[in-house]
Amino acid sequence: MSQASKKAYITTPIYYPSGKPHLGSAYTTLAADIYARFKRLDGFDVKFSTGTDEHGLKLQRAAEKEGLTPQAYVDKMSGMFREIEPIMNISAHTFIRTTEDYHQKTAQVMWQKLEEAGYIYKDSYAGWYCISDESYYTEEELVDGKSPMSGHPVEWMEEESYFFKLSAFREKLLDLYDKRPELVQPQGRLNEVLGFLKGEVRDISISRTTFDWGVPVPNGPGHVMYVWIDALTNYLSVLGWPNEENMDYWPATHLVGKDILRFHSVYWPAMLMGAGLTEEQLPKVYAHGWWTVDGDKMSKSKGNVVDPETLTEQYGRDIVRYFLMREVPFGNDGDFSETRLIERTNSDLANALGNLFQRVLSMIAKNCEGKVPALGELDAADTEFLNGFKGMVGDVRMHIDSLQFHKALDVIWARVHAANAYMDAKEPWKHKKENPELMAHILRVLMEGFVSIVHTLDAFMPESMARVKTFLGTTDMTLNQIENADGSLLTDGAELPKPEGVFPRIQPKEEAA
């Protein structure tokens, strides 16, 4: 792949700002950030977008309750979601708001293309409407008289509506996922999509007349767009579609929660095909699970909603970033526990990684004049240890490209444990007086391994790894250089700054008490 063709476009969903952001929205954004950071380290030109979905009856009513205009309300709420970026150290390029003019024009272009292609028609609709979901349901779909998706109440509504011919895409989508199953991951989520498509796929109502807080339908007085038609188009708005200037970043990789899988893997590809995009231009969707807290679903009434700001202030951004990606496979549901966060931090970061760095770098500072020690002749153990790092970047890349972040970290931690085992076996401190050259050689071998560990961890813990890179003198090194290095990655005698601890041990609360 040529440098010019190495482009990537990564998105979070645009979040519905009806309440303060919580761990769930921070989790999706964090995963997208790690993916984007790694692609940049790997030589890609990356566009990374996030934002807020600001239309719909739910937001209009929330604004009325606070005595605000809808615009004033979403201005306030959107700002809270924008704060996720500094709280979690997110590197997004674009924060899109669906109330912005450029996006509304793009949404109207999408509508017109679908209409011109014959996929939109006008009819009337009567059914059970869930304001929370912004969706209609039939009597059969309700569960105990409530929304089958969210469990929230529904109310009967009747209105004139435009419809999208989703039914026309049922066979096309089944054929698409038969040929390209990688477009919906993980496999369990693809199975959900196929289950839906193999049933009855009905046309969907895509306009509303009972409220006016939305994007006006082109040539449709009194109608505003169904919020999902508006919201999904944001991914194209970011690129300036239908202008082709930035479309070489397309198709995107969409990271979403499992609750909005159907919108992204049924409605969205159908819209794109209806607007004239080819099968090769359809995006990849990765739907992750939900977080519970100590076994219970997060809820405001239970008072167990995890606030990302409070969490990062207490433990640090990198520790929270690492824990959320390490603790649970990305596609699965996970249970958040502060006790587990502390245990994981102490075992993985303070003991296995931080202690290893500190021991080696401190010995170099004290016994090697604070310079990169010379590499002597490799023995069998040295060679075996260093050979373990060959292919490491490629293995990490493979897992991150499939959004299996925990597997990427497994690869890295296998080498962390190998480095600890090598140091314990070689015992460099024993050679300090009798054979200082051998001690220096052992420390240098460890440093060579550290380069691969630190640079592949950079996307997960950018602040901490930036510090360690400085201690190693490798701040300008790329993954490509590491992967294709022929021989040593470091320079004999290079001056190194005095090292400092990176991951102090966290005292468990019961010990503190």
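The values are calculated or read from the model by the stated rules, or taken from the named source; none is laboratory data. All figures in this text were calculated on a predicted structure; none of them were measured in a lab. Glycine gets a Cβ as well: all are built from the backbone with ideal geometry, and neighbour counts include every protein chain shown.
Here are some conditions: (1) farther than 17 Å from PHE389 by Cβ; (2) crowded, with 22+ Cβ neighbours inside 10 Å; (3) not charged (D, E, K, R). ASN435 meets all but one. Which one does it not meet?
(2)
Of the residues VAL227, VAL193, VAL266, which single one is touching a strand residue (DSSP E or B) at 6+ places or on another chain (Cβ under 8 Å) and either hydroxyl-bearing (Ser, Thr, Tyr) or in contact (Cβ under 8 Å) with a residue 40 or more places away in the chain (or both)?
Going through VAL227, VAL193, VAL266 in turn, just one is touching a strand residue (DSSP E or B) at 6+ places or on another chain (Cβ under 8 Å) and either hydroxyl-bearing (Ser, Thr, Tyr) or in contact (Cβ under 8 Å) with a residue 40 or more places away in the chain (or both): VAL193.
Of everything in the range 138-180, what is modelled with pLDDT under 85 and touching a Cys at 6+ places or on another chain (Cβ under 8 Å)? Give them in sequence order.
Matches in the range 138-180: MET149, SER150.
Out of VAL238, VAL266, I need the residue that is under 19 Å from LYS172 (Cβ atoms), modelled with pLDDT of 95 or more and out of contact with any Asp or Glu (no Cβ under 9 Å at 6 or more places or on another chain). Which one?
Answer to the check: VAL266.
Cβ-Cβ under 7 Å, sequence separation 6+ or interchain: first residue in the range 274-294 and at negative phi and surrounded by fewer than 19 Cβ atoms within 10 Å (Cβ to Cβ), partner in a strand (DSSP E or B) and acidic (Asp, Glu). Which pairs?
Note: pairs meeting the criteria are THR292/ASP335.
Taking ALA374, is it under 20 Å from ALA494 (Cβ atoms) and not in a helix (DSSP H, G or I)?
yes
For the range 473-489, check the following and say yes or no: at least one residue is within 23 Å of ILE364 (Cα to Cα) and assigned to a helix (DSSP H, G or I).
yes
Can you tell me how many residues in the range 136-165 are in contact (Cβ under 8 Å) with a residue 40 or more places away in the chain and not in a loop (DSSP other than H, G, I, E, B)?
Residues that pass the stated criteria total 8.
List pairs: first residue in the range 175-189 and touching a residue at least 40 places away in the same chain (Cβ under 8 Å), second residue surrounded by fewer than 13 Cβ atoms within 10 Å (Cβ to Cβ) and in a helix (DSSP H, G or I) anywhere in the structure, Cβ distance under 6 angstrom, at least six positions apart or on different chains.
none
Considering only the range 110-119, I want to know if a residue exists there that is closer than 20 Å to LEU57 by Cβ, modelled with pLDDT under 95 and among the hydrophobic types (A, V, I, L, M, F, W, C).
For the range 110-119, residues closer than 20 Å to LEU57 by Cβ, modelled with pLDDT under 95 and among the hydrophobic types (A, V, I, L, M, F, W, C): absent.
Can you say whether GLY276 is more than 20 Å from PHE196 (Cα to Cα) and at pLDDT 95 or above, as far as the supplied structure shows?
It is true that GLY276 is more than 20 Å from PHE196 (Cα to Cα) and at pLDDT 95 or above.
Would a scan of the range 51-59 turn up a residue that is at pLDDT 95 or above, polar (S, T, N, Q) and surrounded by fewer than 23 Cβ atoms within 10 Å (Cβ to Cβ)?
Within the range 51-59 (the criterion being at pLDDT 95 or above, polar (S, T, N, Q) and surrounded by fewer than 23 Cβ atoms within 10 Å (Cβ to Cβ)), the answer is no, since none of the residues qualifies.
Does ALA425 qualify as being over 23 Å from PHE405 (Cα atoms), assigned to a helix (DSSP H, G or I) and of a type in the set (A, V, I, L, M, F, W, C)?
Considered against the rule, which asks whether it is over 23 Å from PHE405 (Cα atoms), assigned to a helix (DSSP H, G or I) and of a type in the set (A, V, I, L, M, F, W, C), ALA425 comes out as yes.
One residue is enough: does the range 181-197 have a residue meeting the conditions of a type in the set (D, E, K, R), out of contact with any Gly (no Cβ under 9 Å at 6 or more places or on another chain) and either more than 20 Å from LEU114 (Cβ to Cβ) or modelled with pLDDT under 95 (or both)?
Yes, that holds for at least one residue.
Of all helices (runs of 4 or more DSSP H) completely enclosed by the range 303-362, which ones contain at least 2 residues that are closer than 23 Å to GLN185 by Cα?
317-326
Looking at the range 121-137, which of its residues are surrounded by fewer than 16 Cβ atoms within 10 Å (Cβ to Cβ) and at pLDDT below 85?
ALA126 - this is the single residue of the range 121-137 that is surrounded by fewer than 16 Cβ atoms within 10 Å (Cβ to Cβ) and at pLDDT below 85.
Only one of VAL416, VAL393 is at negative phi, surrounded by 15 or more Cβ atoms within 10 Å (Cβ to Cβ) and touching a Ser or Thr at 6+ places or on another chain (Cβ under 9 Å); which?
The match here is VAL393.
Mind checking whether some residue in the range 29-48 is under 17 Å from LEU324 (Cα atoms), surrounded by fewer than 22 Cβ atoms within 10 Å (Cβ to Cβ), touching a residue at least 40 places away in the same chain (Cβ under 8 Å) and of a type in the set (Gly, Ala, Ser)?
yes
Quick check on this structure: which one of ILE84, ILE90 is surrounded by 18 or more Cβ atoms within 10 Å (Cβ to Cβ) and more than 30 Å from PHE211 (Cβ to Cβ)?
Among ILE84, ILE90, only ILE90 is surrounded by 18 or more Cβ atoms within 10 Å (Cβ to Cβ) and more than 30 Å from PHE211 (Cβ to Cβ).
Would a scan of the range 29-40 turn up a residue that is over 13 Å from the mean Cα position of the chain (by Cα), of a type outside the set (Phe, Trp, Tyr) and closer than 22 Å to LEU409 by Cα?
yes
Keeping to the range 1-24, report how many residues are under 24 Å from HIS399 (Cβ atoms), touching a strand residue (DSSP E or B) at 6+ places or on another chain (Cβ under 9 Å) and modelled with pLDDT under 95.
Looking only at that region, the number is 4.
Going by the structure shown, is GLU463 assigned to a helix (DSSP H, G or I) and surrounded by fewer than 19 Cβ atoms within 10 Å (Cβ to Cβ)?
yes
Within the range 391-432, restricting attention to residues that are more than 24 Å from the chain's Cα centre (by Cα) and hydrophobic (A, V, I, L, M, F, W, C), which residue is nearest to ASP348 (Cα to Cα)?
Filtering the range 391-432 for residues that are more than 24 Å from the chain's Cα centre (by Cα) and hydrophobic (A, V, I, L, M, F, W, C), the one nearest to ASP348 (Cα to Cα) comes out as VAL416.
If I ask for residues that are in a loop (DSSP other than H, G, I, E, B) and within 21 Å of the chain's Cα centre (by Cα), which ones from the range 220-276 would you list?
If the condition is that a residue be in a loop (DSSP other than H, G, I, E, B) and within 21 Å of the chain's Cα centre (by Cα), then THR233, VAL238, LEU239, TRP250, PRO251, ALA252 are the ones that fit.
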